[in-house]
Structures are given as structure tokens and as C-alpha cells.
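Working notes for the structure below.
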Amino acid sequence: MHPTCLSESVADLGGDLSRLESYLVACGYWNTPEKRQRHAYTLSPSAYVLTRAEHQELEHIAITTHAAVRVLNTRLCGLAKDAARLPNGDAAFLKLATAASRGLLRPHDGVETIPEIIKLDLVRNACGGFRLVEADVYNPRGLGYAALLAESVPHPFRNRRFSGISALATVLTSHSTAPWQILISEYERYYETAFRILSGSLESWGVRTHLLREEALAHGGDPLSTGSTETANLFAIPESLFQRPLARDALLARYRAGALRTFYPPVAYLGSKAFLPFLRTCEGMEGIIPRSGLVGKRFSLDALLADGNGAILKATVSSGMKGVFFSDLDRPAFDTALKKARAFKTPGFVLQEQIPQEPIPVVIFDEAGGRVTQDYYLRLTVYAMARGVLDAEVTGRPDRKVHGAPDCIQLPVIFS
């Protein structure tokens, strides 16, 4: 049974502002004035505390969703084998994947493997239950933030966490003991700091890592060379190698030839929000994902819009709050975007039932280092594997548009 008082979910772990600031400087997140401004967020001494029942619920959501994504990819790859003779409905379903491939593999490549770790975004409803609002299947960037927050937990609480990066290190070394390259695209240079923190954390657990910027691909030679016949290890092929598509294609060719091992198989299409309605139909998922529907010429959403709970319109390929419109917060922009989305032959948006939420009080630090309490809406990010939860973190903001921003809080997750 879930707790009746949601405010009990967050606890002040003690410590002062200077301890947390010193940690952020030492780990490289705030070690320059420029980084402190670029990665600004509201500091808090608090953590999200999972009850035993919530912990079990998250494990169930992780295992069930990971299995559903496998079903999705198997179906897509199966359809692609007979793409020329598909009925219209199946052809349209397959087209959702090809439209979201972002220059990486398509289902036609027949790679049915899915990432071992998928990023799930959940919200907690007013009754205390978790609902999955996004399955961000191809996103290695968040793991750096998981490492950052896990190490911020005061020592008395260190044994009350998910296994996190130590478990990731075990998985990586089970694949290969050779160094793992982490490639950062120019488009995603903002996340370089988080990747460096991930790299440092993995190194502390015995995994050799090297960070490469996209520009290294243009300087001749082979930055991924192992100096031997051993297969090179690349954490992920960024889907945002927009400036160097030839380099991206060369990496994909090496992957197809078996000369490049990637921890994240390059199946970015699985992260499209267009597949939320399908995932909801998979075994065990109806009670996990809110009602969701594609928006386009051939789709009727009247029932979803008429229930009075409100709805959220989301671009199928987007990040953060870009391309996201709340029916009650963003009118008339919501109506304008919905009208445009309804005209698309290939759906580019998905409409999702809005989950009623309540803000909860969280202790934060004010500018003078004192403790104050403010209300925040929370979003829980879970890093899910086939066997359960690898790690989790919480982001909160004063309104329901929860994303990383200077006025957001970022909280580690511990067990009660």
C-alpha cells in the first residue's frame, strides 16, 4: 500500500550548503564559473525515500517495460522483413520507426537487440502510484547525472541506494575488459560534463574509459583503434552526429561488420514517443502507461480529450519540454499545435492523458545557506534493465513542466 502522506517521500539528510557546493566543484560539475552558470540548479539537502512497496513497484515497472520494448523491436524487425507486402496499417506502424531512426539503424537492419539500460520517466499520481509517461530507450546521457547524484549522498546513507554505476561497471566488463570510448557530438556538448562524471565514476570501479569529441573523427587516423585485432568498444553512437554524417555512417558500417562493439545498440527509433500507445498494449503495461494516442489524419482522440483530466501533446522525437504542450497550461498554443498535428499523414505527435499530481514540500537551501521549504512537482527517472532497476533519480520544479532548469531540484533516491 502506498503512503497516504506524499510529503513523507522526501527527507532532509542533513549537511550544509558548503558541503554540497564543495562536492559539485570537486567532481567537476561546478568547477568553473562558466559551468556553475551552465549547469545551475537549486540545491537541496533532501533525498527521495522509497518505501518497500514503492521499491517493488519500480522493479515491476522496470522489468515489465524492458520486456515490452523487446516485444516492440521484435515486431518492428519482423515487419521490416516483409516490408514490400505489408497491409497499410502495418506499413504505417513500421514507418513510425524509419521516421525516427535519426540516421542510425532502421528495423530493416534486423538488429532485434535493445539497450540493456533504458531510461524511464515516471510521475506519481495523487494516490501515490507511479505512471510511466516516457520510455527514453536510446539515451545514455542521463547516466552521468545518476552518478553525480549518487555520490552526493552523505556517507551514513550510502548503503541505502540502488547498485547504480557499480552494477553498470560489472556489465561493461562482462562484455569487454578493453577501454570503452564515449563519443560526444558537437550538438550535445552541453552533456560533456555529465559524461566526464560518468567516466570518472566508471574508472573508480575499474572500467577504463576515454572521452572523444566529434571533432576527433575528422582529423584522420582512427580514434577508435585498439592497436590490435580486438574489437573496439564504443559506449554509444550519438544520434546527433549531424555535422559529420559520413563519420556516423562509417561507424555504422563498422558496427554492421562486427568491427565495433557498442553498449547501446544504435536503435534510436525505439525512443520515439510514437510507440507509447503500442507499449501500453503489451502484457502488463496497461496499468503502467497512461492512455496515449497518435495524432494524425487517421486518428480520433475525442475520448481522450473529453474525460476532463487534461492531456499533454508531445512531439514523437523531442527532449525536455521542447514540443510539449499541456492542455490546461499552454492554451492557445496547445490548440494550435494539435490542429497542425492532426493534419500530418505520418504522426509526429502523441497525445497522452495527464496524470493528476500534487506538489510536495521539499527542503532546499536559500542563497544564504539556510533551509527553506517549497512545494515541487516531481518526476522520477528510472534506469531500467531486464532484471530490474539499476538506478533512479528525481527532478522537481515549482510547476508541472518538470525538466532540468536553474529553478529545478535534483534529488538522489534512497531506500527507507
(request) Name the single residue, out of those in the range 340-386 being among the polar types (S, T, N, Q) and closer than 30 Å to GLY89 by Cβ, that is surrounded by the most Cβ atoms within 10 Å (Cβ to Cβ). (result) GLN352
(request) Go through the range 235-320 and tell me which strands (runs of 3 or more DSSP E), entirely inside it, have 3 or more residues that are crowded, with 19+ Cβ neighbours inside 10 Å. (result) 292-295, 311-315
(request) Sort out which residues of the range 165-184 are at pLDDT below 95 and either among the aliphatic types (A, V, I, L, M) or within 19 Å of the chain's Cα centre (by Cα) (or both), and write them in order of number. (result) ALA178
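For the range 180-188, indicate whether the set of residues that are farther than 30 Å from ALA100 by Cβ and surrounded by fewer than 19 Cβ atoms within 10 Å (Cβ to Cβ) is non-empty.
Taking the range 180-188 and keeping what is farther than 30 Å from ALA100 by Cβ, we get none.
Checked the range 180-188: no residue is farther than 30 Å from ALA100 by Cβ and surrounded by fewer than 19 Cβ atoms within 10 Å (Cβ to Cβ).
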(request) Go through (1) within 15 Å of the chain's Cα centre (by Cα); (2) part of a loop (DSSP other than H, G, I, E, B); (3) crowded, with 22+ Cβ neighbours inside 10 Å and name the single condition GLU116 misses. (result) (3)
(request) Identify all residues within the range 195-218 that are in a helix (DSSP H, G or I) and modelled with pLDDT under 95; write none if there are none. (result) GLU214, GLU215, ALA216, LEU217, ALA218
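Kindly evaluate GLU214 against the criterion of being among the acidic types (Asp, Glu), free of Cβ contacts under 8 Å to residues at least 60 places away in the same chain and surrounded by 15 or more Cβ atoms within 10 Å (Cβ to Cβ). If you could, list the steps in order and put the result at the bottom.
Details: among the acidic types (Asp, Glu): yes; free of Cβ contacts under 8 Å to residues at least 60 places away in the same chain: yes; surrounded by 15 or more Cβ atoms within 10 Å (Cβ to Cβ): yes.
Spelling it out, GLU214 is indeed among the acidic types (Asp, Glu), free of Cβ contacts under 8 Å to residues at least 60 places away in the same chain and surrounded by 15 or more Cβ atoms within 10 Å (Cβ to Cβ).
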(request) Test GLU192 against the criterion of being modelled with pLDDT under 90 and either surrounded by fewer than 21 Cβ atoms within 10 Å (Cβ to Cβ) or not in a helix (DSSP H, G or I) (or both), and give yes or no. (result) no
(message) Within the range 315-323, does at least one residue satisfy the condition of being touching a helix residue (DSSP H, G or I) at 6+ places or on another chain (Cβ under 7 Å) and over 30 Å from SER152 (Cα atoms)?
(response) yes
(request) Taking PRO361 as meeting all but one of (1) farther than 28 Å from ILE63 by Cβ; (2) in a loop (DSSP other than H, G, I, E, B); (3) touching a residue at least 60 places away in the same chain (Cβ under 8 Å); (4) not polar (S, T, N, Q), write down the number of the exception. (result) (2)
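Filter the range 376-404 down to the residues that are part of a strand (DSSP E or B) and basic (Lys, Arg), then identify the one that is farthest from VAL363 (Cα to Cα). Working first, answer last.
Step one: filter the range 376-404 for residues part of a strand (DSSP E or B), giving 376-385, 388-397.
Then keep just the ones that are basic (Lys, Arg); that gives 379, 397.
On the way: ARG379: 17, ARG397: 13 Å.
Per the stated criteria, the residue is ARG379.
Filter the range 240-258 for residues that are of a type in the set (D, E, K, R) and under 18 Å from GLU215 (Cβ atoms) and give the result.
Within the range 240-258, the first condition is being of a type in the set (D, E, K, R), and the residues that meet it are 244, 248-249, 254, 256.
Once the filter is applied, which keeps residues that are of a type in the set (D, E, K, R) and under 18 Å from GLU215 (Cβ atoms), the range 240-258 yields ARG244, ARG248, ASP249.
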(request) Mind listing whichever residues of the range 122-143 are at pLDDT 95 or above and either part of a loop (DSSP other than H, G, I, E, B) or not charged (D, E, K, R) (or both)? (result) LEU122, VAL123, PHE130, LEU132, VAL133, ALA135, VAL137, TYR138, LEU143
(message) Looking only at the range 155-177, filter to residues that are among the hydrophobic types (A, V, I, L, M, F, W, C) and crowded, with 16+ Cβ neighbours inside 10 Å; which one of those is nearest to GLY103 (Cα to Cα)?
(response) LEU172
(message) Is it the case, given these coordinates, that ARG208 is more than 27 Å from VAL317 (Cβ to Cβ) and of a type in the set (Lys, Arg)?
(response) yes
(request) Please identify the pairs in which a residue from the range 112-129 that is among the hydroxyl-bearing types (Ser, Thr, Tyr) has its Cβ atom under 9 Å from the Cβ atom of a residue that is in a loop (DSSP other than H, G, I, E, B), counting only partners at least 6 apart or on another chain. (result) THR113/PRO265; THR113/VAL267
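The values are calculated or read from the model by the stated rules, or taken from the named source; none is laboratory data. Quick caveat, the model's predicted, so the values are computed rather than measured. Neighbour counts run over all protein chains shown; Cβ positions are idealised from the backbone, glycine included.
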